[in-house]
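Student: Just passing along the structure, written as structure tokens.
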Amino acid sequence: MLLQLEGMVRGARTTQELQFIVVNETRRLVPYRQAILLIPPIPSSKRYEVLAASSVPVVDRTVPLMQWTERLVRELCEPRVIPDIRRITETDCSLEIRQDWKEFSIGQGLWCPLKHPDGQVLGGIWLWRDQPWADHELTVLQRVREAYAYAWRAVEQSRGPRWRWRMSRTATWMLAAAVAGGFAIPVPMTTLAPAKIVAKDPMIVSAPIDGVIADILVPPNTEVARGDVLFTYEDTAFRSEYHVAERSLDVAIAQYRRASQGSFVEAGQKADVPLLKAEVELREIERDYMYERLAKVEVKAEQAGIVLYTDKSDWIGKPVVIGQRIMELADPQRLEVRIDLPVEDAIVLREGAPVKLFLNANPFSSVSLTMSHASYHAEVLPNNTLAYRVMAQLEQGASEFRIGWQGSAKIYGDDVSLFIYLFRRPISALRPWVSL
């Protein structure tokens, strides 16, 4: 079986084939419960990363088991430890590793470094099972790990370049000068950001009173005329309050009249007349207020336009408070473009800068825009992205566009060198770590 496994290792042509053999076919020689292959991203590094695991087609290094395994191997590969096969138990680990030992590695563990004949450790295999490891099994693993390390080095070298392009020193300097000259070419700084066609100066339709919306009479994106009813409230409570206010006013008027007539007979009732008159006036004010509230049960359009809101089901039966924004009335002929420019993509913007809009509805053509305004403070978008609000005006008629169309906007800034244009983002990322 050892000879067959060594033959399979010699026949591996890619690292993926060799990884599969290491974590899955080793079980033919030594039984185990799980095998994990770890490789340092940098040669001779003490930090190992999980590369493959037995019975797992795709490894996710973010799962708790893989993270715990990387911490365990990092502890095992300290400089004072000799890179040799070691039996690992719970008592051999630190307190941090022992806390999760029973959850992830039940029983006996074994660390098998992949040591090349030249002395370099290319990686290692972490094995565990319930039974203790026998001496003859370690002898077999000693032989097979040397084959794995030798094959790993051979496969890695076979992937390297097989030829090298050589140039003379003069050609090298000429090429460097051409590249430097090319980097100095001035080009306009540009940035891309998501854009959306919105209404310009739309009329906000807000809730005139507190209550529950009973029905919305116009669907979204419907054109309405001035005076059309947009939505209605549940009017049961408003009508009841109005009738109660009317009855209270009738009672107050009756008491006032009785006191006025009785004051001619009894002088004591004359003092109650001003108080009852004030009560009548108060009840009249309450009645008028209830009538005004009842008259606002139907909300009408104050101007013609297109009704913009999400959906009827989002509002019917929903309680609203006075001033709450419900919908918009927009003029379809007055449109502008809203651009959400992420903070990390921001450039120096000036009013009147040219903008190109590429709509998703027509990706093969662009629309010319002119930037009119850019916010000074960034806002948090619904997708938790911090962005500046940039507004741009259409340079042609708005009849062919529709509110809600989305796309990408290319904003043009000042001229910069080609070097700055290409490496602006990397330089910005490295600048906090470099002090000049």
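The values are calculated or read from the model by the stated rules, or taken from the named source; none is laboratory data. For clarity, every value in this text was computed on a predicted model and none was experimentally measured. Note: ideal-geometry Cβ built from the backbone for every residue, glycine included; neighbour counts use all protein chains shown. Keep in mind that these areas ignore ligands, DNA and RNA; they rest on the heavy atoms of the full protein, side chains included. Shrake-Rupley method; radii C 1.70, N 1.55, O 1.52, S 1.80 Å.
Student: Tally the residues that are in contact with a strand residue (DSSP E or B) (Cβ under 8 Å, 6 or more places away or on another chain) and surrounded by fewer than 20 Cβ atoms within 10 Å (Cβ to Cβ), restricting the search to region 102-120. If you could, list the steps in order and put the result at the bottom.
Tutor: So the first thing to find is which residues in region 102-120 are in contact with a strand residue (DSSP E or B) (Cβ under 8 Å, 6 or more places away or on another chain), and the list is 105-116.
From what's left, surrounded by fewer than 20 Cβ atoms within 10 Å (Cβ to Cβ): 106-108, 116.
Adding up the residues that qualify gives 4.
Student: Take region 367-394 and flag every residue that is more than 16 Å from the chain's Cα centre (by Cα) and outside any strand (DSSP E or B).
Tutor: So the first thing to find is which residues in region 367-394 are more than 16 Å from the chain's Cα centre (by Cα), and the list is 367-378, 388-394.
Result: S375, Y376, H377, A378.
Student: Let me ask another. How about region 202-216: which of its residues are under 28 Å from L335 (Cβ atoms), of a type in the set (A, V, I, L, M, F, W, C) and open to solvent by 20 Å² or more (accessible area, probe 1.4 Å)?
Tutor: Across region 202-216, the qualifying residues are M203, I204.
Student: For region 7-16, enumerate the residues that are assigned to a loop (DSSP other than H, G, I, E, B) and open to solvent by less than 70 Å² (accessible area, probe 1.4 Å).
Tutor: Hits for region 7-16 are A12, T14.
Student: Answer yes or no as to whether R71 is under 17 Å from Q108 (Cα atoms) and among the basic types (K, R).
Tutor: Numbers: under 17 Å from Q108 (Cα atoms): no; among the basic types (K, R): yes.
When the stated conditions are applied, R71 does not pass them.
Student: All but one of (1) within 26 Å of G11 (Cβ to Cβ); (2) in contact with an Asp or Glu (Cβ under 7 Å, 6 or more places away or on another chain) hold for R145; which doesn't?
Tutor: All conditions are met except number (2).
Student: Could you count how many residues in region 335-350 are under 14 Å from R389 (Cβ atoms), open to solvent by 60 Å² or more (accessible area, probe 1.4 Å) and assigned to a loop (DSSP other than H, G, I, E, B)?
Tutor: Summing the residues that are under 14 Å from R389 (Cβ atoms), open to solvent by 60 Å² or more (accessible area, probe 1.4 Å) and assigned to a loop (DSSP other than H, G, I, E, B) in region 335-350 gives 0.
Student: Condition (residue is at pLDDT 85 or above and surrounded by fewer than 17 Cβ atoms within 10 Å (Cβ to Cβ)) applied to region 253-260: is it met by at least one residue? It would help to see each step written out before you state the result.
Tutor: So in region 253-260, the residues at pLDDT 85 or above come out as 253-254.
Adding the requirement that they be surrounded by fewer than 17 Cβ atoms within 10 Å (Cβ to Cβ) leaves 253-254.
Yes, some residue in region 253-260 is at pLDDT 85 or above and surrounded by fewer than 17 Cβ atoms within 10 Å (Cβ to Cβ).
Student: Any idea which residue in region 265-280 is nearest to H243 (Cα to Cα), counting only those that are surrounded by 13 or more Cβ atoms within 10 Å (Cβ to Cβ) and modelled with pLDDT of 70 or more? Show your work before the answer.
Tutor: Of the residues in region 265-280, the ones surrounded by 13 or more Cβ atoms within 10 Å (Cβ to Cβ) are 269-270, 272-273, 276-277, 279-280.
Applying the additional criterion that residues be modelled with pLDDT of 70 or more yields 272-273, 276-277, 279-280.
Details: D272: 26, V273: 25, L276: 21, K277: 21, E279: 17, V280: 16 Å.
So, considering only residues that are surrounded by 13 or more Cβ atoms within 10 Å (Cβ to Cβ) and modelled with pLDDT of 70 or more, the one nearest to H243 (Cα to Cα) is V280.
Student: Moving to a separate point now. Return yes or no: is Q406 open to solvent by less than 80 Å² (accessible area, probe 1.4 Å) and of a type outside the set (D, E)? Reasoning before the result, please.
Tutor: Numbers: open to solvent by less than 80 Å² (accessible area, probe 1.4 Å): no; of a type outside the set (D, E): yes.
So Q406 does not fit the description; no.
Student: In this structure, does I326 turn out to be in a strand (DSSP E or B), under 30 Å from L217 (Cα atoms) and of a type in the set (V, I, T)?
Tutor: Details: in a strand (DSSP E or B): yes; under 30 Å from L217 (Cα atoms): yes; of a type in the set (V, I, T): yes.
Considered against the rule, which asks whether it is in a strand (DSSP E or B), under 30 Å from L217 (Cα atoms) and of a type in the set (V, I, T), I326 comes out as yes.
Student: Touching a helix residue (DSSP H, G or I) at 6+ places or on another chain (Cβ under 7 Å), among the small types (G, A, S) and under 30 Å from I326 (Cα atoms): does that describe A225? Reasoning before the result, please.
Tutor: On the way: touching a helix residue (DSSP H, G or I) at 6+ places or on another chain (Cβ under 7 Å): no; among the small types (G, A, S): yes; under 30 Å from I326 (Cα atoms): yes.
No; evaluated as a whole, the condition is false for this residue.
Student: Of everything in region 286-314, what is assigned to a strand (DSSP E or B) and of a type in the set (A, V, I, L, M, F, W, C)? Give them in sequence order. Full working, then the answer.
Tutor: Narrowing region 286-314 to residues assigned to a strand (DSSP E or B): 298-300, 305-308.
Of everything in region 286-314, those that are assigned to a strand (DSSP E or B) and of a type in the set (A, V, I, L, M, F, W, C) turn out to be V299, I306, V307, L308.
Student: Next up: Given (1) more than 30 Å from K200 (Cβ to Cβ); (2) touching a residue at least 12 places away in the same chain (Cβ under 8 Å); (3) among the hydroxyl-bearing types (S, T, Y), identify the lone condition not met by T222.
Tutor: Failing condition for T222: (1).
Student: Scan region 410-424 and report the pairs whose first residue is over 13 Å from V179 (Cβ atoms) and whose second residue is assigned to a helix (DSSP H, G or I) and open to solvent by 70 Å² or more (accessible area, probe 1.4 Å), with Cβ atoms within less than 8 Å and a gap of 6+ or a chain change.
Tutor: Hits for this filter: I420/I427.
Student: Also, quick follow-up: Inspect region 323-330 for any residue being within 29 Å of A378 (Cβ to Cβ), of a type outside the set (S, T, N, Q), within 26 Å of the chain's Cα centre (by Cα) and open to solvent by less than 80 Å² (accessible area, probe 1.4 Å) and give the result as yes or no.
Tutor: Taking every residue of region 323-330 in turn, none turns out to be within 29 Å of A378 (Cβ to Cβ), of a type outside the set (S, T, N, Q), within 26 Å of the chain's Cα centre (by Cα) and open to solvent by less than 80 Å² (accessible area, probe 1.4 Å).
Student: Now a separate question. So, in region 17-63, of the ones that are under 21 Å from K115 (Cα atoms), part of a loop (DSSP other than H, G, I, E, B) and small (G, A, S), which residue ends up least open to solvent (accessible area, probe 1.4 Å)?
Tutor: The qualifying residue least open to solvent (accessible area, probe 1.4 Å) is S54.
Student: Among A154, A134, which is the only one that is modelled with pLDDT of 90 or more, surrounded by fewer than 16 Cβ atoms within 10 Å (Cβ to Cβ) and among the small types (G, A, S)? Don't jump to the end; show me each part of the working.
Tutor: Working: A154 fails: modelled with pLDDT of 90 or more.
Criteria check complete, one pass: A134.
Student: Residue by residue through region 414-436, note down the ones that are part of a helix (DSSP H, G or I) and either more than 27 Å from the chain's Cα centre (by Cα) or farther than 19 Å from L349 by Cβ (or both).
Tutor: As a first pass, look at region 414-436 and keep what is part of a helix (DSSP H, G or I): 418-433.
Scanning region 414-436 gives L418, F419, I420, L422, F423, P426, I427, A429, L430, R431, P432, W433.
Student: Separate question: Given the criterion in contact (Cβ under 8 Å) with a residue 24 or more places away in the chain and open to solvent by 50 Å² or more (accessible area, probe 1.4 Å), identify the matching residue among A361, A378, A374, A301.
Tutor: Details: A378 fails: open to solvent by 50 Å² or more (accessible area, probe 1.4 Å); A374 fails: open to solvent by 50 Å² or more (accessible area, probe 1.4 Å); A301 fails: open to solvent by 50 Å² or more (accessible area, probe 1.4 Å).
After applying the criteria, what remains is A361.
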